[in-house]
Structure formats: structure tokens, C-alpha cells
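Since the structure comes first, as C-alpha cells, the remarks are kept for the end.
The values are calculated or read from the model by the stated rules, or taken from the named source; none is laboratory data. Just so you know, these numbers come straight off a predicted model, no measurement behind them. Here the Cβ positions follow ideal geometry from the backbone for every residue, glycine too, while neighbour counts run over all protein chains shown.
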Amino acid sequence: MSFDLDKERSRLERKLEALRKKEFIPAPLLEIVARTAELQLEARGKVQVSLPDQIAPADAHAQGASLLPREQFPYDKAVTAETFGKLLALMAQSGGSMAEGATSLHKALEAREFSLEEACDALLQDDQLFFADWGARMPEAPSFVRYLVQGSLVPSLMAVSDLLAERRDTETVWSHGHCPHCGSMPLVASLRNKEGFRYLTCSLCRHEYRAKRLQCPFCGEEDHSKLEYFKAEGEAGFEVHVCRSCHCYLKVADFRELDRLSIPVLDDLESLALDILAREQGFVRPTQSAWGF
Ligand SMILES: [Zn+2]
Ligand SMILES: [Zn+2]
């Protein structure tokens, strides 16, 4: 599966056009999202990565082992550093709490208190404490450091995931919840084909994998009486799937009958109203959006 920059750019443009019509997304936020997504595509076209020699053997993978644990994902250091610099500059120009965050991080960089390499390792190791600590140091923009680090790494992680996709049968139904490539939890889902196959999008490497339609990806619950879903008025094309066992929810895009384009990380933003509804009902979202909510 080769990466086609021009095709991805025109898809992104079309999706952003749709998002601009959503009144509840503030224009300055959407501008940051648009520029971030553009920078990531540009970086994705430049990334050079190769897989390590060892990936999980077929039998371990069939039992649920991810092909490559997330902490072993290689990344292109030069492209990541360049993207990080560009994202930081973008934030500095954005005004508001993002610009304040950029100023704080600039100071930390100058004082050598912040190392990008260390931060990338922390993200790959899912070191929540590292980011909680930076969040506490920057109360004006608590998700800022995570957003920037993850945003800079994503092009490399997607490239690695594309290479991993060549090593497995991506049509098989994966029934282990977490991502078959890196082991992380899903971000959002979508329904595809006439039959409504359910695909989950990984919150880290963004791989889209086919999963069981009636199963909670977070706790594995398959008892139909514990799995429910709801829709919201004015939000055609989206469902919220909830699990009464672990009280988690997952948003699912179903654009099969609609002339709409799915880009999962942006579908997530487009359906922000459903997060509010799900939380009001006491359900929890286990993975943060790519945009910090
Ligand atoms: Zn993944
Ligand atoms: Zn569950």
C-alpha cells in the first residue's frame, strides 16, 4: 500500500470543507486542525522507516499479540523533529492558550528541560505520568505537549503501520480489541460494505482494522444485552456504541447511505457533540482524540 500524497491532500480538502460547515467547531480550532493535518501529510510523504527484523510470530499474533509492541515502533527522527518545529511555530502564531503553551515550551527547550527524544519515548511507552507532569507545568494548555509530540510522530507511526499491513491478512476479523499492529486502543470506528463490517481506527498508529461488530473493544464484552447504541438528532451518520459492563463508549461513523467522506481522526472531531451526550449519560471515553479532547 503506497502513500499517494496528492490523493490524500484532495481527500483532506474535501473533508475540511465539510467540517467548516459545522457551526459548533470554532474557526480558529479548525484552522489549527487543518494546518496540523496538512503538515502531517507533507511529513508522511518524506518519512523513511523500516521494520525491525523481529515481529510477532504468526501463532502469537493469532492469540492476540500485536505484530510490534508500540514501544518498539521505529520513527524517522529527522522528519519528526522537523514536524515538531513546524507544529510549535504554528501554535505560537495561533494565539490564545496554544500560543501560551508554545511560549512555555520554548522556554523549556532553551533551558534544556524538554527533550523531544525523551518525549517521543514516553509517548511510545504510553508513559501517562510524563505527560501528566507536563500538563501540570502548563495549566494553560494541559494537553499541549502530548498533542505536539503525538502530532509529530504520527507520520512515522502510520508509515510503520503500512509496512506491518503487508505482513498480515488485513481482511480477517480481529477479535482482541486492541490494535493488531501496535496493541493500542481504538479511537473511533466506522461501518463499511453492504453488510456493515465494523472497522476500528487505532489511536496510535491509525491502522484501520476489521473487528467484530458486536463486541466491546475495551473489555471484550459480547453479551448483546450489555451492548447498546444511540444516535443523536442532527448528527446523521454517527452512532455511539456503549458497553454496560465497562461503561465505555465508542463513536461509529456510518456514511454508507450518505455522500460523505470518512477520515477517522476528523470524523472524531465532526462528531464532538456525541461525546458530550455520551459523557452526560455517564459513559467514559478511554482514548483521547488526536485534537486533545
Ligand atoms: Zn496501532
Ligand atoms: Zn466494555
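General remarks:
- Options L116, L148, L163, L124; residue that is touching a Lys or Arg at 6+ places or on another chain (Cβ under 8 Å), surrounded by 13 or more Cβ atoms within 10 Å (Cβ to Cβ) and in contact (Cβ under 8 Å) with a residue 24 or more places away in the chain: L124
- Of all residues in the range 258-268, none satisfies being at pLDDT 95 or above and more than 15 Å from the chain's Cα centre (by Cα).
- So L272, is it at pLDDT below 95, in contact with a helix residue (DSSP H, G or I) (Cβ under 9 Å, 6 or more places away or on another chain), more than 16 Å from ligand 1 (Cβ to nearest atom) and under 30 Å from R35 (Cβ atoms): no
- Taken over the range 159-198, the criterion of being in contact with a helix residue (DSSP H, G or I) (Cβ under 9 Å, 6 or more places away or on another chain) and either more than 16 Å from Q72 (Cβ to Cβ) or aromatic (F, W, Y) (or both) is satisfied by R168, L187, V188, A189, S190.
- Scan of the range 260-277 for residues that are surrounded by fewer than 20 Cβ atoms within 10 Å (Cβ to Cβ), without any contact (Cβ under 8 Å) to a residue 60 or more places away in the chain and of a type outside the set (V, I, T), ordered by number: D275, L277
- Restricted to helices (runs of 4 or more DSSP H) entirely inside the range 1-65, those with at least 3 residues that are touching a residue at least 60 places away in the same chain (Cβ under 8 Å) are 5-20, 27-44.
- Residue in the range 104-119 that is within 16 Å of ligand 1 (Cβ to nearest atom) and either at pLDDT 95 or above or among the hydrophobic types (A, V, I, L, M, F, W, C) (or both) present: no
- When C243, C219 are checked against the criterion of being outside the structural domain of L148 (by TED's automatic domain parsing), of a type in the set (A, V, I, L, M, F, W, C), crowded, with 18+ Cβ neighbours inside 10 Å and modelled with pLDDT of 95 or more, C243 stands alone in meeting it.
- The residues of the range 207-242 that are among the aliphatic types (A, V, I, L, M), out of contact with any strand residue (DSSP E or B) (no Cβ under 6 Å at 6 or more places or on another chain) and touching a residue at least 40 places away in the same chain (Cβ under 8 Å) amount to a single one, A232.
- Qualifying positions in the range 142-155 - among the small types (G, A, S) and out of contact with any Leu (no Cβ under 9 Å at 6 or more places or on another chain): S143
- Criterion violated by R168 - all others in (1) crowded, with 20+ Cβ neighbours inside 10 Å; (2) in contact with a Leu (Cβ under 8 Å, 6 or more places away or on another chain); (3) not aliphatic (A, V, I, L, M) satisfied: (1)
- Any hit, the range 209-224, residues being outside any loop (DSSP other than H, G, I, E, B) and over 19 Å from C179 (Cα atoms): yes
- Subset of the range 131-182 (residues that are within 13 Å of ligand 1 (Cβ to nearest atom), part of a helix (DSSP H, G or I) and either at pLDDT below 95 or out of contact with any strand residue (DSSP E or B) (no Cβ under 8 Å at 6 or more places or on another chain) (or both)): Q150, L153, V154, S156, L157, M158, A159, V160, D162, L163, L164, A165
- Flag if E257 is without any contact (Cβ under 8 Å) to a residue 12 or more places away in the chain, closer than 26 Å to E8 by Cβ and either surrounded by fewer than 17 Cβ atoms within 10 Å (Cβ to Cβ) or of a type in the set (A, V, I, L, M) (or both): yes
- Count of the range 242-269 residues which are of a type in the set (K, R) and in contact with a helix residue (DSSP H, G or I) (Cβ under 6 Å, 6 or more places away or on another chain): 2
- Condition check for S262: within 16 Å of ligand 1 (Cβ to nearest atom), assigned to a loop (DSSP other than H, G, I, E, B) and within 27 Å of I32 (Cα to Cα): no
- Only residues that are of a type in the set (A, V, I, L, M, F, W, C) and crowded, with 16+ Cβ neighbours inside 10 Å were counted in the range 278-293, giving 4.
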